[in-house]
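Read the structure below first, then the notes.
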Amino acid sequence: MAFDEKTVNGMRVLAAIVDSGSFVRAGEALAMSQSGVSRAVARLEARLNIRLFDRTTRKVSLTDEGRRFYAQINPLLAGLEDAVASAGEGAVVVRGRLRVNVDPLLARLLLGPKLGAFVKQYPELELDLTVRDHLGDMVGDGFDLAVRLGHPQTSSLIARKLMDTRVLTVATPAYLRKHGTPTKPSDLESPDHVCIHFRNPVTGRPFDWEFHRGGKVTIVHPRGQVTLNDPGTMESVLLSGYGLAQVIDLAVQPLLRSGALTPVLTAWPDERFPLYALYPSRQHPPAKTQAFLAFVQSLLP
């Protein structure tokens, strides 16, 4: 394939379509006509000998081949932008659009309160933050970076662990006064206790109730009428005194310090839940991605 100006232009158009979600909006962003956008894509498809997009009257989405190609070129295009921005300045400038996929709990507890201060540092950065309970198709959806709780599934994405947080079993003092404090994991299977389940967004099934100690894992199967998939709702149900739940330490530290929640079964202290950054290429992340990752890490305990 000839790597010429038209090829580079086609790559820029491809990235703009993925970022904006349509040929029309890509044309507006690049000051091109819709026909010009279509011609640029057609030329790139001809050079690559693949179809990049599936197009219907309502939706534009990357093909499997297009998704793989975009995952390879997007970091390179971002690197070119950084190189151009830094020429003559002596430093890489954090600028341009950064699309980030973030776990709801992380967004609410850590990022939200500090986000305004972060973007004020970088007036040339346009941050597009999407909060949802699942990763989805990171490349196909046009994300530059994802910050997710939980173990990542096997994929072509690069996964970088940022931290591990403890898994705790907690309840309100009022609940424990009424129902008693469990002393071993199997106590949770008793009809005396009410347990709140949380749905794993990857599998669609509730998380197992696991207890880790000294390399040994104990799994119990408590009965429960309520299964939730939102951390905010879990917190409010817990604070109402309804039942026990397994939560991550990162989510409940203020409630533990205030005494609103009490940890139980603390003799099983070893279960951990990870936080990962995910991005689509092993190439050196662009300055805007590195700045956001540094921001996230500065907020972690």
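Here are the numbers:
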| item | result |
| --- | --- |
| Dipole moment magnitude, nearest 20 debye, the chain about Cα centre, only Lys, Arg, Asp, Glu C-beta charged | 140 |
| Förster radius 41 Å - calculated FRET efficiency between Lys6 and Leu127 (Cβ-Cβ, nearest 0.05) | 0.85 |
| Under 25 Å, Cα to Cα: Lys pairs in the chain, sequence gap 8 or more or different chains | 6 |
| Segment 10-63 - charge dipole about Cα centre, Lys and Arg +1 at Cβ, Asp and Glu -1, debye rounded to 20 | 120 |
| Heavy-atom surface of segment 187-239, accessible at 1.4 Å and reported per residue (Å²) | 58 |
| Long-range Cα-Cα pairs in segment 211-260 (distance over 16 Å), rounded percent | 51 |
| Whole-number percent relative contact order across the chain, with pairs defined as alpha carbons under 8 Å at least 6 apart | 22 |
| Cβ charges +1 (Lys, Arg) and -1 (Asp, Glu), total dipole of segment 116-191, debye | 600 |
| Paramagnetic reach from Ser38 in segment 49-76 [backbone N under 15 Å; point 7 Å along Cα→Cβ] | 53-60 |
| Three-way shape label, segment 152-221, alpha-carbon gyration tensor, a/c 1.5 | prolate |
| From the coordinates shown, Cα extents along the principal axes in Å corresponds to which of (1) 58, 41, 35; (2) 57, 46, 38; (3) 72, 42, 34 | (3) |
| ³J(HN,Hα) computed for each position of segment 6-12 - Karplus, 6.51 cos²θ - 1.76 cosθ + 1.60, integer Hz, glycine/proline x | 5, 5, 4, 4, x, 5, 4 |
| Rel. contact order, % - alpha carbon contacts under 8 angstrom, at least six apart, segment 170-221 | 27 |
| Candidates per trypsin sites (Lys or Arg not before Pro) in segment 1-78, loop by DSSP, up to 11 other Cβ within 10 Å | Arg58, Lys59 |
| Rounded to 10°, Cα long-axis angle of helix 34-48 versus longest principal axis of the chain | 90 |
| Mean shadow area of segment 61-212 over all directions, Cα convex hull, nm² | 13.0 |
| 3J(HN,Hα) from dihedral phi, segment 250-262, Karplus parametrisation 6.51/-1.76/1.60, rounded to Hz, x for glycine, proline | 3, 7, 10, 3, x, 6, 6, 5, 7, x, 5, 10, 10 |
| More than 28 Å apart - percent of Cα-Cα pairs taken over segment 139-272 | 20 |
| Alpha carbon centroid spacing (whole Å) that separates segment 241-272 from segment 99-114 | 21 |
| Cα gyration tensor shape for segment 109-170, rounded if a/c is under 1.5, else prolate or oblate | oblate |
| Dipole of the chain, positive direction: furthest Cα of Leu162, Gly10, Gly150, with charges on the beta-carbon | Gly10 |
| Efficiency of FRET from Cβ geometry, Arg257 and Asp208, R₀ 30 Å, rounded to 0.05 | 0.60 |
| Selection from His212, Val247, Ser236, by position along the positive dipole direction of segment 180-258 (Cβ) | His212 |
| Rounded, prolate or oblate (a/c below 1.5 giving rounded, otherwise prolate when a/b exceeds b/c) for segment 206-296 by Cα gyration tensor | prolate |
| Under-5 Å amide H pairs with Leu244, H placed in peptide plane, nonlocal only | Val194, Cys195, Ile196 |
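The values are calculated or read from the model by the stated rules, or taken from the named source; none is laboratory data. The structure displayed is predicted, hence computed values, not measured ones. Glycine gets a Cβ as well: all are built from the backbone with ideal geometry, and neighbour counts include every protein chain shown. What goes into the accessible areas is simple: the full protein's heavy atoms, side chains included, and nothing from ligands, DNA or RNA. Shrake-Rupley method; radii C 1.70, N 1.55, O 1.52, S 1.80 Å.
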